[in-house]
Amino acid sequence: MKVGKVKEVLSDYLDDSEVFAAIYVREEADEHIENHYAEEQQPALTDEEWHNIVALMSVDDGIWQEICGAFEHYIEATLKKRKEKANVGSE
């Protein structure tokens, strides 16, 4: 996703709004290559390679399923704690 699109999506929210976002930048990919493929002397990603990685991750259903599953898990856990706390207070 282009940074401009991220800014557009977030523009409706106040600066102190809480959001969750998973963001990877190209420098992190290049750092990963340096740290894990130094012996092979792999060069940094090309523009086209980075674009392809971003495009593939953007449509990877597994990533979105994991994120949605985690999101729903933490909502359910929070509601469970809320309910338990209310039950303790009503006794």
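Nothing in this text is a laboratory measurement; each read-out follows from the coordinates by a stated rule. In this text the structure is predicted, and so the values were computed from the model without any measurement. Every residue, glycine as well, gets a Cβ built from its backbone with ideal geometry; the counts of neighbours run over all protein chains shown.
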| request: Can you spot the aspartates and glutamates whose alpha carbon is less than 18 Å from Lys7's alpha carbon? Ignore those fewer than 8 places along the same chain. | output: Asp15, Asp16, Glu18
| So what is the calculated 222 nm ellipticity per residue for the chain, using -39500 (n - 2.57) for each DSSP H run with n of 4 or more, over all residues, to the nearest 500 deg cm²/dmol? | -21500 deg cm²/dmol
| said: Compute the angle between helix 47-58 and the longest alpha-carbon principal axis of the chain, please, reported from 0 to 90 degrees and rounded to the nearest 10. | reply: 20
| remark: The residues Met57, Met1, sorted from fewest to most surrounding Cβ atoms within 10 Å, come out as Met1, Met57
| remark: For the chain, the longest principal axis of the Cα atoms and the Cα long axis of helix 61-89 enclose an angle in degrees, to the nearest 10, of 20
| request: Could I get the Rg over Rh figure for the chain? Both from C-alpha atoms, Rh via Kirkwood, rounded to two places. | output: 1.16
